[in-house]
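A short worksheet on the structure shown next.
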Ligand code: HEM
């Protein structure tokens, strides 16, 4: 079964790509104002699929984690990677919940700025998560050596 490992890198592209494109769609919907409703719903769907993808990436990451070398620097980097992963699942979870509660989101500019700020926080966490994953693989050789 060794050919299945590392397992996690096969799943990480989906949450990264889906969430980033989803955020871009939502931003376009706000720029387009009243004409952007379809962009908004498409963006939310992509963010939802990205969120499911992040949960799956988390599960596969934990499977690979059990095979990582037991060194302090690897352990610390994996712990940071897990913390950022949990934070991004919470942030995008809030971003999915917000429009269910806020019926003025598509009409009110101030609400849209707040929502965009939350999404940009999510984008920052995705970038940080990907960088930490890259550190694990390309600097520390996890899943490679
Ligand atoms: C929260 C639980 C997670 C754990 C325990 C975890 C663990 C790991 C481990 C051990 C690696 C090293 C490669 C390997 O052995 O598979 C890695 C790499 C990586 N992880 Fe995660 N991960 C988690 C969540 C995530 C999430 C949610 C994302 C993306 C949204 C992500 C993105 C990445 C990326 C981009 C790499 C580098 C892959 C490569 O360049 O080949 N991880 N992760």
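The values are calculated or read from the model by the stated rules, or taken from the named source; none is laboratory data. Here the structure is a predicted model, which is why all the values come from computation and not from measurement. When we count neighbours, we look across all protein chains shown, and the Cβ atoms used for this are built from the backbone with ideal geometry, even at glycine.
List of remarks:
- Taken together, the residues in segment 58-73 that are more than 8 Å from the ligand (Cβ to nearest atom) and closer than 10 Å to residue 136 by Cα amount to 1.
- Of the criteria (1) touching a helix residue (DSSP H, G or I) at 6+ places or on another chain (Cβ under 7 Å); (2) away from the ligand (no atom under 12 Å from the Cβ); (3) under 21 Å from residue 21 (Cβ atoms), which one residue 120 fails: (1)
- All positions within segment 1-16 that are surrounded by 15 or more Cβ atoms within 10 Å (Cβ to Cβ) and in a helix (DSSP H, G or I): 8, 9, 14, 15, 16
- Residue in segment 110-145 that is surrounded by the fewest Cβ atoms within 10 Å (Cβ to Cβ), counting only those that are under 18 Å from residue 33 (Cβ atoms) and without any contact (Cβ under 8 Å) to a residue 40 or more places away in the chain: 110
- Pairs are defined by a Cβ separation below 8 Å, a sequence spacing of at least 6 or placement on different chains, a first member in segment 49-64 that is over 11 Å from residue 12 (Cα atoms), and a second member that is more than 6 Å from the ligand (Cβ to nearest atom) and assigned to a helix (DSSP H, G or I); the pairs so defined are 49/14; 49/18; 49/22; 51/19; 51/89; 51/92; 51/93; 51/96.
- Residue match in segment 44-51 (condition: in contact with a helix residue (DSSP H, G or I) (Cβ under 9 Å, 6 or more places away or on another chain), closer than 18 Å to residue 131 by Cα and within 13 Å of the ligand (Cβ to nearest atom)): yes
- For segment 13-36, the set of residues classified as farther than 17 Å from residue 124 by Cβ, within 13 Å of the ligand (Cβ to nearest atom) and touching a residue at least 40 places away in the same chain (Cβ under 8 Å) consists of 14 only.
- Here segment 85-104 is the region considered, the condition is being modelled with pLDDT of 95 or more and more than 18 Å from residue 55 (Cα to Cα), and the residue that is surrounded by the fewest Cβ atoms within 10 Å (Cβ to Cβ) is 101.
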